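Right, one structure below, let's go through it.
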Amino acid sequence: MLYQVLAELEQAHGPVLVKDLGQKLNIDTGVLMGMIEFWVRKGRLCDDDAIAEEGIACAGGGCGDHCSGLSECIFVAKMPKTYSIAKHQVKGPGALP
């Protein structure tokens with residue numbers, strides 16, 4: 001089933017909603033998210049949100065000493081969590097074919 005999830009994501013021609021993929025494969029969305037996170041850890045998928053957060057910095061200290069952090073900032077739009085196929089595969093111990 002793990003490989004089926006990866007194959008569906010690799011064959012997609014654009015964004016895929018977790019809810020839709022779960023329905024297509026008859027997998028609960030919580031279980032599907034666990035499978036997706038497995039592929040992120042193995043280096044086959046990239047967590048686009050983690051990559052985006054690396055490049056985001058506070059725009060000017062408008063919060064003063066009361067910064068709640070990026071995840072709670074009211075000035076940052078909340079977007080759906082996204083993943084993409086890794087451009088280069090992880091090699092070495094624990095890597096899968």
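The values are calculated or read from the model by the stated rules, or taken from the named source; none is laboratory data. This is a predicted model, so every value here is computed, not measured. Cβ coordinates were reconstructed from backbone atoms using ideal geometry, including for glycine residues, and neighbour counts include every protein chain displayed.
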Scanning the range 34-66 for residues that are assigned to a loop (DSSP other than H, G, I, E, B), modelled with pLDDT under 70 and at negative phi gives GLY55, ILE56, ALA57, CYS58, ALA59, GLY62, CYS63, ASP65, HIS66
Which ones in the range 1-24 are surrounded by 15 or more Cβ atoms within 10 Å (Cβ to Cβ) and among the hydrophobic types (A, V, I, L, M, F, W, C)?
-> VAL5, LEU6, LEU9, VAL16, VAL18, LEU21
Considering residues that are under 12 Å from LYS81 (Cβ atoms) and either surrounded by 14 or more Cβ atoms within 10 Å (Cβ to Cβ) or of a type in the set (Phe, Trp, Tyr) (or both), the number found within the range 33-45 is 4
